[in-house]
1. Quick one: Karplus J couplings for the stretch 132-149, per residue in order, coefficients 6.51, -1.76, 1.60, θ = phi - 60°, nearest Hz, x for Gly and Pro?
2. Does the stretch 100-214 come out rounded, prolate or oblate by the C-alpha gyration tensor, with a ≥ b ≥ c the root eigenvalues, rounded set by a/c under 1.5 and, if not, prolate when a/b is larger than b/c and oblate if not?
3. Just want the answer: with Cβ charges of +1 for Lys and Arg and -1 for Asp and Glu, which residue in Thr76, Ala186, His164 is farthest toward the dipole's positive end in the chain?
4. Suppose we look only past 20 Å in the calculated P(r) of the stretch 202-325. What percent of the Cα-Cα pairs does that tail hold?
5. Residues with amide H under 5 Å of Val209's amide H, sequence separation 5 or more or different chain, H placed in the peptide plane at 1.01 Å from N; which?
6. Using each residue's phi in the stretch 306-318, evaluate 6.51 cos²θ - 1.76 cosθ + 1.60 at θ = phi - 60° and report the 3J(HN,Hα) Karplus result to the nearest Hz, with x for Gly and Pro.
7. Rounded to the nearest 0.05, what FRET efficiency is calculated for Ser142 and Thr103 with R0 set to 30 Å and r the Cβ-Cβ distance?
8. R0 = 22 Å: FRET efficiency of Ala120 with Asp53, Cβ-based, nearest 0.05?
Amino acid sequence: MSASLTRRGPLVGTLALALTLTAACSSNDSGSPDSASSTAGTGTHTVRTAMGDVKVKNTPKRVVVLDTAELDSAITLGVHPVGATRAGAEQSFLSYLPKSQTTGITEVGEIANANLEKIAGLKPDLILSNKVRDGGRYQQLSAIAPTVLTESTGYPWKQNFLTHADALGKKAEARTVIKKYETHAAAVTKALGGKTKAAATDVNVVRFVEGADIRIYGKQNYIGTILADVGLGRPAITDKAKDGFSYDVSPEQIDKADADVIFTSTYGNPGKAKVTQTTTSGLWRGLRAVRDDRVFQVDDELWIQGIGYTAANKILAELRSDLTN
């Protein structure tokens, strides 16, 4: 990795209307949805999902999560899953989550390729995932336990969190989580000098991916929403991102990533992701952020893969630390 990269390891919009709509879409067969968190766990309620209405226990006890966002949501809401998948490039669960929160979770395979026999063996009473990963296995998963799928992952992570909270019987807790995050984001904006100063700082997120082009992240993705919540500026290139997600470039086009500040992450093998090839080039050294020593290497699991409020709060803390020094 180039010496121009600032190295450090991972650090240990209101949604009131959305919450109201979610509550309106949910019914409870044994009292109100909010009371489910404090009841004995008997009874069921109905959750609106990407596959239609699904009836789940008011307080599921044996939850299996099949993607990183669902794992973050469960941990954030104080639920310890009995089973979870892992990302393909990783050998364990997301490293930004404390070991105490993931110890005892049974691995059930890789994301989008979960082992159905392992899942069934855990005798879950709820399975959480999304159509992108597990839409094709929905019938098989539903035969094991009530399965709640969101339409997709990533960009709609806040809305997905509400669905997860509804399914887990943790809607009241979710409101507290959301409020704390919004307060945290506002505090970071203030620390950066206020909305005007934050907006005047253009930030790019560049991800080196094994076996693929380099991604310059746009605005319609998980990390893009967090940057927007802080009110940071984004370079014009982000408006050219395909479907708002990313603008992909080769090492020979890395000058398109020019910005006041650049955060970089790597997925997979750095050599195969062309990290050194890119960050030792003249084009890279010519970037404003590189010249001004404003390039920060961040944890890919946290910034890109986590997709939840626990990860988001850690990212906010890193943004504040990096951009105020």
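1. Coupling constants for the stretch 132-149: 4, 8, 10, x, x, 10, 4, 4, 5, 5, 5, 6, 8, 6, x, 10, 10, 10 Hz.
2. Prolate, because a/c is 1.5 or more and a/b exceeds b/c.
3. The Cα lying farthest towards the positive end belongs to Ala186.
4. 37
5. Amide H to amide H, under 5 Å and 5 or more residues apart or across chains, Val209 pairs with Arg215, Tyr267.
6. Per residue, the Karplus-derived 3J(HN,Hα) values read x, 6, x, 6, 5, 4, 4, 5, 5, 5, 4, 4, 5 Hz.
7. The formula returns an efficiency of 0.55 here.
8. Calculated transfer efficiency: 0.40.
Computed from the coordinates by the stated procedures, all read-outs in this text should not be read as laboratory data. In this text the structure is predicted, and so the values were computed from the model without any measurement. Methodologically, a virtual Cβ is constructed for each residue, glycine included, from the backbone with ideal geometry; neighbour enumeration extends over all protein chains shown.
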